[in-house]
Amino acid sequence: NLREANRLAAKAHVAAKEAFFAGKSELEIHHAYLSAIDFRESQVPYNSIVALNSDSAILHYDVYDTVPPKQIRSFLIDAGARYRGYCSDITRSYAYEEGFYADLVEAMDKAQQELLSEIKPGVSYYDLHVSMHLKVAQILTDFEFIKGDEQSIYDKGYTSAFMPHGLGHFIGLQVHDVGGFLKDDKGNSYERSERHPFLRLLRDIEVGHVFTIEPGLYVVDQLLEEHKDSADINWEKVDELRPYGGVRIEDSIVVGADGNENLTRDAFKELGAE
């Protein structure tokens with residue numbers, strides 16, 4: 001059922017991507033997504049995020065502008081489908097043209113796939129989240145947003161300004177499925193992390209777990225305000241990214257004893273789309 005939910009969403013994502021490159025508005029892209037799988041808006045598991053340009057820096061954006069921007073730069077879509085009660089949750093980012101933002105999307109995709117290779121039973125999901133922050137720090141320095149090595153960029157809190165949400169969450173009958181804080185079958189819970197309060201999954205990874213992996217990087221001015229006097233940050237480079245909003249890549253993973261199943265990429269591959 002989760003596989004089929006991913007297949008449906010992947011088909012709709014392909015239609016949305018085509019609408020983006022055809023120069024459509026956010027609302028038209030949203031309609032293309034629903035039309036591809038004959039869904040009503042009430043049938044998707046959550047309000048789809050269909051964001052062009054700087055709108056993609058808004059994490060739960062769901063406004064859907066009716067007119068395309070004069071200059072189309074970037075597209076972030078976070079959207080799923082439901083099949084027999086089970087949910088999918090997929091995010092993809094696309095550059096309208098080659099260049100700086102396209103390179104950033106490619107770097108994030110590479111970092112995300114490196115994270116996927118670190119998923120093993122017994123590994124703490126929190127440690128995976130920290131690994132993601134270090135990879136985002138490496139991207140921040142590679143693209144000259146920040147001066148410093150990845151550990152110091154993380155230690156100074158810069159990555160949390162550019163990547164404010166958690167690495168992922170359980171997914172199943174709910175998009176943010178339950179149990180991410182459970183310590184045991186008696187109902188004892190982990191305390192939310194002070195350093196990473198928005199991380200929804202603090203358990204050690206087990207065989208059979210299904211969760212999302214969704215690293216991102218965004219220009220969120222309210223969060224960057226805390227570091228406005230920092231000499232480490234290349235503000236001209238941040239200004240260059242601002243019109244593009246941000247980037248996020250999200251897949252759903254089934255943990256196995258001898259390797260994992262990527263429900264999302266498998267669904268795209270079946271369509272010949274990735």
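For His60, the criteria (1) assigned to a loop (DSSP other than H, G, I, E, B); (2) over 17 Å from Leu173 (Cα atoms); (3) within 18 Å of the chain's Cα centre (by Cα); (4) modelled with pLDDT of 95 or more hold in every case but one, which is (4).
Of the helices (runs of 4 or more DSSP H) lying entirely inside segment 138-235, the ones with 2 or more residues being touching a residue at least 40 places away in the same chain (Cβ under 8 Å) are found at 158-162, 221-224. Among the residues of segment 236-263, those that are aliphatic (A, V, I, L, M) and in a loop (DSSP other than H, G, I, E, B) comprise Ile249, Val255, Ala257. Do you know which residues across segment 82-111 are within 18 Å of Glu18 (Cα to Cα) and among the aliphatic types (A, V, I, L, M)? Those that are within 18 Å of Glu18 (Cα to Cα) and among the aliphatic types (A, V, I, L, M): Ile90, Ala95, Ala102, Val105. With respect to being of a type in the set (Lys, Arg), crowded, with 16+ Cβ neighbours inside 10 Å, within 24 Å of Ala57 (Cα to Cα) and out of contact with any Lys or Arg (no Cβ under 9 Å at 6 or more places or on another chain), Lys147 falls outside the description. Out of Asp62, Asp78, one residue alone is of a type in the set (Asp, Glu), surrounded by fewer than 24 Cβ atoms within 10 Å (Cβ to Cβ) and touching a strand residue (DSSP E or B) at 6+ places or on another chain (Cβ under 9 Å). It is Asp62.
Using the structure shown, decide if Phe100 is closer than 19 Å to Pro243 by Cα, over 13 Å from the mean Cα position of the chain (by Cα) and not β-branched (Val, Ile, Thr). Here the answer is yes, as Phe100 does meet what is asked. Kindly check whether there is at least one residue in segment 137-146 that is touching a helix residue (DSSP H, G or I) at 6+ places or on another chain (Cβ under 8 Å) and within 28 Å of Leu8 (Cα to Cα). Looking for residues that are touching a helix residue (DSSP H, G or I) at 6+ places or on another chain (Cβ under 8 Å) and within 28 Å of Leu8 (Cα to Cα), one finds none in segment 137-146, hence no.
Do we have Tyr83 as on the phi > 0 side of the Ramachandran plot, touching an Asp or Glu at 6+ places or on another chain (Cβ under 6 Å), modelled with pLDDT of 95 or more and not small (Gly, Ala, Ser) here? Answer is no for this residue. Do the conditions hold for Arg92, that is, is it of a type in the set (D, E, K, R) and either on the phi > 0 side of the Ramachandran plot or touching a Lys or Arg at 6+ places or on another chain (Cβ under 9 Å) (or both)? Yes: the conditions hold for Arg92.
I'd like to verify a number: residues in segment 204-238 that are in contact with a helix residue (DSSP H, G or I) (Cβ under 6 Å, 6 or more places away or on another chain) and among the acidic types (Asp, Glu), how many? Here the count works out to 0.
The values are calculated or read from the model by the stated rules, or taken from the named source; none is laboratory data. Remember, it's a predicted structure, so these values are computed and weren't measured experimentally. Heads up, the Cβs are rebuilt from the backbone with ideal geometry, glycines too, and the neighbour counts pull from every protein chain shown.
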